[in-house]
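Every read-out reported here was derived from the displayed coordinates using simple, explicitly stated rules and does not represent laboratory data. In this text the structure is predicted, and so the values were computed from the model without any measurement. Here Cβ is always computed from backbone atoms with ideal geometry, including for glycine, and neighbour counts include all displayed protein chains.
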Amino acid sequence: MQTLMKTSKCWACLCLLFPIAFCGCWSYISKEAAQRFESRQGAISVTVYPVNVVRGDTVEHDADLAGKLMTFLRQENLAEPVLATESANISFKWGHNQAKMAQQSAIAFASTVKEAGIQTEYALLVEILCNKSETWVGGVHFYLCDRDGLLANGGLTNSHWEEFEEIKPHDRQGGYEVAIRMLRNQWRR
């Protein structure tokens, strides 16, 4: 009987903590923008920014990976993409909390999009976190915001997530493979 009570208490705590932890990580996503995105009919129009590859303290903007991403989005009928005319020049700050790092980048990206005045419904940025020599990938993020700069969707992954473990990325190409799995899993209906 005591074991059953302890188990019930553990499940009750997990049920209470899970929504708090999940919502806390993505509190910067606009509920209204997320609802509009989730209720979309068909492919969205999206401005795809060059992929930000964070290598130590340097952020490189990879237009070739953005081109591959655009091909993927078209082939999967997830979006009608156009390439951004400029890169998302947002600073990246390493830290111990990946969710906080993603939040900082997402908010900075949303501000960039709002100022850019894009012509599409949405803007997309993929961020790949590598070591300086690009022999290790620590995480992959993506951010989707509407033309008004409201964050509508996003994702982060690392070695604790299935998409990441399927690929075991070691460089930006592996990070790209993780990103397209994330997008396919989250955007496919």
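Observations
- Extending 7 Å from Cα along the Cβ direction at N77 and again at E162 yields two label points whose distance is 2.3 nm.
- A viscosity of 1.002 mPa s and a temperature of 20 °C, combined with the Kirkwood radius over Cα pairs in Stokes-Einstein, give a translational diffusion coefficient for segment 27-108 of 148 µm²/s.
- Calculated FRET value between N89 and Q119, using beta carbons and R₀ = 30 Å, to 0.05: 0.90
- Length gained on full extension, Q35 to H170, computed as 0.36 nm times the residue gap minus the Cα-Cα distance: 45.1 nm.
- Residues V59, V140, V178, V46 arranged by fewest to most Cβ contacts within 10 Å: V59, V46, V178, V140
- Spatially near lysine pairs across the chain, Cα under 21 Å, sequence gap of 8 or more or different chains: 6
- Relative exposure of C145, C130, judged by other C-beta atoms within 10 Å (fewest first): C130, C145
- K132 versus H61: modelled label distance in nm, points set 7 Å from Cα along the beta carbon direction: 2.4
- In segment 87-117, the trypsin sites (Lys or Arg not before Pro) that fall in loop regions by DSSP, at most 13 other Cβ within 10 Å: K93
- Ranking of F109, F37, F92 by neighbouring Cβ atoms within 10 Å, starting from the fewest: F92, F37, F109.
- The chain: calculated mean residue ellipticity at 222 nm from DSSP helix runs of at least 4, using -39500 (n - 2.57): -15000 deg cm²/dmol
- Contour excess over end-to-end distance, with Cα ends at S45 and I107 and 0.36 nm allotted per residue: 20.2 nm
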